[in-house]
Structure formats: C-alpha cells, structure tokens
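**Student:** Quick one: this structure, given as structure tokens, is what I'll be asking you about.
The values are calculated or read from the model by the stated rules, or taken from the named source; none is laboratory data. Just so it is clear, the model here is predicted, and its values are computed rather than measured. Every residue, glycine as well, gets a Cβ built from its backbone with ideal geometry; the counts of neighbours run over all protein chains shown.
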Amino acid sequence: MQIFPVGFLFVAFFLLARLKSPQAGFIAAMSLVPLGAFAFLNFGDFSFIAYHAAFLIMIALAVARHLISPKRHQFPRFELAAIFLLILIFYALVTSQLMPRIFAGDVWVFSLQSGVVGQRVSPYFYSTVSLLQPSSGNISQPIYLVLSAFVFLLASRMSRRYGTDFLDKSIFLAAAVNGTMGALDFVGADAFLQIFKTAGYSFMVDVGVSGVTRIVGVFTEGSAMGGISAVLFAYMMMRYLDTGKRSALILAALNFLWGVLALSSTGFVALASAGTFIVWRSGRLNLSKRINPRIALRFLVVSALMIVGFAFILLFTNFGDTAWSFIDKLIFQKGTSLSALERGSWAKRGIAVGFETYGLGAGFGSTLSNGLFSVLFSNLGVVGIVLYGAFLFSILRAPRKEFNSAIDLGLYNAAAASIVTFTVAQLISATTADPGILFMVFAAIAVSSRPAKYMRWTLLDRTRRPIEQRIARGLIDP
C-alpha cells in the first residue's frame, strides 16, 4: 500500500472549502477532476483518486444531512433523467452479479481484471481473451457508476436549493486547472507534474507523433487529455458567446490548444464535433433572434481572427506540412496502428459477446470493449442501450421557447454542447459504460437550467399537470 501525503493535503483543502459552504466544497472537488491520475492512496491494483474521495465525502455529508432533517421520512422526488439513471444503475448492479454466473465459461471476453491469463488473439498486441467468470471488475465498475450517478443527484439537488451559479463556477475552475496543467506540460515542468501522477496506472506520456510529444497534463494518455479538453472547450466557448466574458474565451482557447496538442484522434474528432455543434446552435439561435446581435458579432470576430491567424501560419511557417503529417498518421493511417488494431479487436469481441449472450450482455464490468455502443451492448445488452439512450434524451430534451430566462438558456446550451462532445468522444473511444463525474455535472446543469415543469416529474405524480395545479394540490413544494 502506498500513501501520498500531497493527496491528503488536497483532500484537506477540499474539506476546508466544504466547511465554508456546500457550494464551495463542490467547486473545490471539481477543481480536482482535471487531475485524473492524482491518487492519495494505492492499494494493490486499486488507486483511490483524489476527486473520487472528495465527491464521496460530499455525498456522505448530504446523505447524513438528509437523515437528520425533519423531512427524512418523505419520499424523495426525482427528475425524469434521474429516474432513468436510477433504473440504469439498478439494472447494472443486477447484471454485474447475475450475468457472469449465468454465462460463466461459455463466452470469451477481454477481462477488465489485471493479471488474467488468457489466449492472445494477435501477435501485434498483448491483450488476451479468457472465458467469462465473475471478477473484480463486476464490483469496481458498478461502484464507479454509482458514484457518478450520485454526483448527478447531488448536483441537481444542490442546484434547486442554491441555483446553478456554483455549478457554472465549478466548470470554470476545472477548465482553468486543466489549462494550467496543460501549460505546465507544454513548458516541460515534468518534475512538478510528477507530484500529481501518483495513480498506479500505466502512463503513456512519452508517446509522440512525428517526433512531437503529446500534451497529457495530469492524465495517463493523450486521448484522455484530448477528450476532456475538447469538452471543456465546448462549454467555455458557448459561455463566451452567451456572456462575452474574456475569462471564458481565454479558457476556451487554452483547452482548445491542449485538445489539439494532445495529438489524439479522439480529441480531434471531439473538437470537430464541438465546433460543429457550436456553429449550428449559435446560428440557429441568432436566426430565431433569441440572442442579442452582439453575440453574433463576437462569434464572427472570433471566427475571423482564427481564420486570419491560421492563414498566416500556413503562409509563413512549415506548420502546414507538419499538420498534414499529424492528420495523416492520426486520422487516415489510424486504422493500421497497433492501438487501432487492439481497440478494434476489443470492439469486435464486444459486439460478439452481446450476440453470444442473446442481447443480454455479459454483465456490467465483465468485459473490456471499445466504443460506447459496443461497451453497452457487451456489458448491459439491448436493455442497457435503451436505458442509456433514454437518460441522454431526458437530459437534452428542452424546447428553447420554454426557458424562463436567457441565463438558463445559455447554461443549457453550454451544457448541451459539452454533453454532445462527450458522447461523440465516447462513441469512438469509451472502454467502460461509466460516463464519469464531469459528464454528470454537465447533465445536472442541463437538467437544472430547464423549466420546472420538466424538472418536477416525480415518482409520486406521473402526470403532466401544469406546475400551478400541482402546487395547489400539494403534490410538490412551491
């Protein structure tokens, strides 16, 4: 067992913030999310990541507060998205223990458990397949999913009590931390970054493209840095277009830069999807005249500066040849790389596992795969795909004309941009079905910024009565 004092120092910082207020504690916990490989405790193959510990404490305190409150006997109310998420969690927990025992010894899988001896499927990589059996992955992966789900419930509940401003600030701080870590990696401050790279994972930080080292910040590999940076870029860019804050523009530029310099195909595709969504959403809102024309001017100015700057670089530097070399290797030749061959093998086996288990899946945490669809199909089957799709639909569904204010609309647009970017990145590179804590915070922002009649669909009242009638009948609190 390894204990890292610096990890406890940051957890203590979080606790001090939590003592000040729940909002401050949440913001402090979010500042640790970009430190993806920062653990304060390693026990065998298990690494206790700092931000996981922070959110566990937040959840424990929230549960304890509810248990001692006068309303502890009341049945909890849930948003529609939370209901789908809770059903998904229940199904994942059941399948994680049931399916590996039903199909044990009948299905070949890429196990999530390290140290499993199996059969190599290719001479080009070391991943091996073994017969399905219950493993530690059937315990650890559901725990991560439950933690992410409880963060969504916590963030949604806190936003109803305190508003969504603290969630917005937490994303700003996370983007600032990620931008700072990327800058430190860029200038070669490896000795400082090693303080935070304490998780017992395999780090792929020295892998470059055409002699250029990837920017990974405090993550284990370039794809993680590229994906997270693209998601934060999407949020910050939408917030800048909505509010005109210079800090949002600076953070958007920083995260865009590190998303590119992560030299990851996942990052490039995620950035492209983010840019496409931003252009589409901004154009749609401006055409409908729901946003101040100054926002359109900001968008045009930023776009013009980017085009002029890019043209200048192409004309007066050899960046064009270098960039084409990167694109050729990371996009067009990606399918022939060892990484692509290995991940492709994971994805094919995942699809095969889904069919071999009659569409039921091998159980959550049973098999390693690649790509969100293959991961869901192999682990949770058709039911898992439907439930996950229902959850995504429920967090993104919100008619624009129904928003109560321009502030809520702006927050929803920023969260939706990040959710779409995150989902695209998952579709091509996800290895587990847990979307993660950062995704759940974006989901909470999207849900909390919507009008009350979309939020207050509860287990106690399944009707779609107008909110005023439901308050008058005592079905919900005012």
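**Student:** Which numbered condition in (1) at pLDDT 90 or above; (2) farther than 30 Å from Leu392 by Cβ is the only one that Leu32 fails?
**Tutor:** In the conditions (1) at pLDDT 90 or above; (2) farther than 30 Å from Leu392 by Cβ, Leu32 misses (2) alone.
**Student:** In this structure, does Gly105 turn out to be over 30 Å from Ala64 (Cβ atoms), at pLDDT below 90 and touching a Leu at 6+ places or on another chain (Cβ under 9 Å)?
**Tutor:** Answer is yes for this residue.
Residues are listed down the side, and each one gets a yes or a no for (1) without any contact (Cβ under 8 Å) to a residue 40 or more places away in the chain; (2) farther than 30 Å from Thr357 by Cα:
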position: Gln97; (1), (2): no, no
position: Leu112; (1), (2): no, no
position: Pro123; (1), (2): yes, no
position: Tyr144; (1), (2): no, no
position: Val151; (1), (2): no, yes
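Conditions (1) free of Cβ contacts under 8 Å to residues at least 60 places away in the same chain; (2) closer than 19 Å to Ile102 by Cβ; (3) in a helix (DSSP H, G or I), marked per residue:
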{"position": "Phe355", "(1), (2), (3)": "yes, yes, yes"}
{"position": "Thr367", "(1), (2), (3)": "no, yes, no"}
{"position": "Val383", "(1), (2), (3)": "no, yes, yes"}
{"position": "Val386", "(1), (2), (3)": "yes, no, yes"}
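**Student:** Is it the case that Ile59 is modelled with pLDDT under 85 and of a type in the set (A, V, I, L, M)?
**Tutor:** no
**Student:** Identify all residues within the stretch 1-27 that are within 22 Å of Lys197 (Cα to Cα), in contact with a Leu (Cβ under 8 Å, 6 or more places away or on another chain) and in a helix (DSSP H, G or I); write none if there are none.
**Tutor:** The answer is Gly7, Phe10, Phe14, Ile27.
**Student:** Filter the helices (runs of 4 or more DSSP H) completely within the stretch 233-343 down to those with at least 1 residues that are modelled with pLDDT under 70.
**Tutor:** The helices (runs of 4 or more DSSP H) meeting that bar are 265-287, 293-316, 319-327.
A quick yes/no check of all residues on (1) of a type in the set (S, T, N, Q); (2) at pLDDT 90 or above; (3) crowded, with 24+ Cβ neighbours inside 10 Å:
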| residue | (1), (2), (3) |
| --- | --- |
| Leu411 | no, yes, yes |
| Ala415 | no, yes, yes |
| Ser429 | yes, no, no |
| Thr432 | yes, no, no |
| Phe439 | no, yes, no |
| Met455 | no, no, no |
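**Student:** So in the stretch 154-196, with the set limited to residues that are buried (at least 19 other Cβ atoms within 10 Å of the Cβ) and in a loop (DSSP other than H, G, I, E, B), which one is nearest to the chain's Cα centre (by Cα)?
**Tutor:** Within the stretch 154-196, the match that is nearest to the chain's Cα centre (by Cα) is Thr164.
**Student:** Which residues, counting only those in the stretch 79-95, are under 18 Å from Asn379 (Cβ atoms) and of a type in the set (Val, Ile, Thr)?
**Tutor:** Correct list: Ile87, Ile89, Val94, Thr95.
**Student:** Being in contact with a Pro (Cβ under 7 Å, 6 or more places away or on another chain) and surrounded by 15 or more Cβ atoms within 10 Å (Cβ to Cβ), is that true of even one residue in the stretch 137-150?
**Tutor:** Among the residues of the stretch 137-150, at least one is in contact with a Pro (Cβ under 7 Å, 6 or more places away or on another chain) and surrounded by 15 or more Cβ atoms within 10 Å (Cβ to Cβ), which makes the answer yes.
So that you can scan it fast, the table gives a plain yes or no per residue for (1) at pLDDT below 90; (2) part of a loop (DSSP other than H, G, I, E, B); (3) crowded, with 18+ Cβ neighbours inside 10 Å:
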position	(1), (2), (3)
Ala64	yes, no, no
Ser69	yes, yes, no
Arg72	yes, yes, no
Phe75	yes, yes, no
Phe78	yes, yes, yes
Ile83	no, no, no
Leu86	no, no, no
Val94	no, no, no
Gln97	no, no, no
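**Student:** For the structure I just gave you, tell me whether Phe26 is among the aromatic types (Phe, Trp, Tyr) and under 25 Å from the mean Cα position of the chain (by Cα).
**Tutor:** yes
**Student:** Does any residue of the stretch 4-26 turn out to be outside the structural domain of Arg343 (by TED's automatic domain parsing), within 18 Å of Pro142 (Cβ to Cβ) and not basic (Lys, Arg)?
**Tutor:** Within the stretch 4-26, none of the residues are outside the structural domain of Arg343 (by TED's automatic domain parsing), within 18 Å of Pro142 (Cβ to Cβ) and not basic (Lys, Arg).
**Student:** Right, another one. Do we find that Ile467 is assigned by TED's automatic domain parsing to the domain that holds Ala347 and modelled with pLDDT under 90 in this structure?
**Tutor:** yes
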